[in-house]
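K.L.:
Here it is, the structure, as structure tokens.
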Amino acid sequence: MRRNRGGARRSNKRPQKARNDRPDRERDSPKRFAAAPREQRQTLRQLESVETLLSGIGVPEQRPFSPDPFQLEALAAIEHEDVLVTAPTGSGKTWIAREEIRRLLGQGKRAWYTTPLKALTNSKYAEFGLEFGPENVGILTGDRKENADAPLIVGTTEIYRNQVFDAMRSGEQVGTDFVIIDEAHYLADEDRGHVWEETIILTPPRIRLLLLSATVGKAEEFAKWISEVRGSHVRVVRAGPRPVELRAAYLSRELQLYPLFDEEGKFNREVEQFTKERNPGFRRRR
């Protein structure tokens with residue numbers, strides 16, 4: 001203890017700052033956020049953007065399956081006409097094909113499922129083998145030939161096209177009653193599109209076609225052309241809104257995630273810093 005000039009005692013302890021007893025919600029108010037340093041505000045905004053970007057990701061809640069109206073429409077139409085289904089990825093286009101295959105196999109008929117990629121063909125082969133039994137499913141690609149006499153064949157579009165050519169040369173019928181053409185928009189491919197064109201033109205009218213695509217453009221014009229070359233009616237079936245939302249983001253070298261678009265749907269200007277690092281002369285267009 002020390003004495004001051006008047007002789008009174010005083011403590012050596014420094015006076016303590018008044019304790020902040022305000023509730024957390026008041027201390028974390030927008031005013032406090034606005035008063036934070038600029039770099040801190042940017043970090044908080046970035047964290048909030050990432051939280052919004054990643055929200056909802058995970059295993060969805062299990063619910064009883066109920067077909068969408070577009071699936072039921074396509075399934076009803078395919079029994080008596082060709083059908084072109086245009087629906088976003090994840091909407092359930094394959095369900096339509098599966099249900100029609102199930103009906104045909106139950107009637108002792110045959111079906112072909114064509115894809116443009118070997119990897120996709122292998123995937124569908126495994127999927128359908130579990131669905132309909134391995135004895136009922138075969139695969140034909142440039143690399144694999146298994147159970148070729150099965151009532152359901154999964155193969156690349158080129159292999160099916162070749163079978164159509166072989167049947168025409170021999171004067172025989174193509175050994176199928178139904179053909180699913182997955183990824184039908186490959187008709188527009190510069191190098192391989194002619195395969196899809198020949199497949200559609202040369203498939204006998206007695207064989208109904210189910211064409212599936214998530215990205216086909218001008219579906220009505222496409223359907224009209226199919227109708228003209230095959231002499232059949234083609235129903236265009238469209239799905240509703242995309243069931244799985246698409247979100248775009250940029251991953252920096254520091255493994256930080258930045259949404260490409262802000263809440264208003266405009267380009268996220270925080271991403272510009274990485275563009276400027278690579279291209280100092282970059283200037284954003286207004």
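Derivation of every value follows stated rules applied to the coordinates shown; laboratory data play no part. Remember, predicted model here, so these are calculated numbers, not experimental data. A quick note on method: Cβ atoms are made from the backbone with ideal geometry, for glycine too, and the neighbour counts reach across all protein chains shown.
K.L.:
Could you sort the peptides 85-94, 219-228, 158-167 by per-residue average Cβ neighbour count (10 Å cutoff), highest mean leading?
P.N.:
85-94, 158-167, 219-228
K.L.:
Starting from the Cα of ILE57, step 7 Å toward the Cβ, then list every residue of region 237-267 with an amide N under 15 Å from that point.
P.N.:
Taking a point 7 Å out along Cα→Cβ of ILE57, the residues of region 237-267 whose backbone N falls under 15 Å are 245-252, 255-261.
K.L.:
Over 23 Å between Cα atoms: which of LYS109/LYS218; LYS118/LYS218; LYS124/LYS224; LYS109/LYS224; LYS93/LYS224; LYS93/LYS145 fall into that group?
P.N.:
LYS109/LYS218; LYS118/LYS218; LYS124/LYS224; LYS109/LYS224; LYS93/LYS145
K.L.:
Report the full-extension gain for the segment GLU81 to GLU220: residue separation times 0.36 nm, less the Cα-Cα distance, to one decimal in nm.
P.N.:
48.5 nm
K.L.:
Tell me, GLU254, GLU172, GLU100 in order of fewest to most beta-carbon neighbours within 10 Å?
P.N.:
GLU254, GLU172, GLU100
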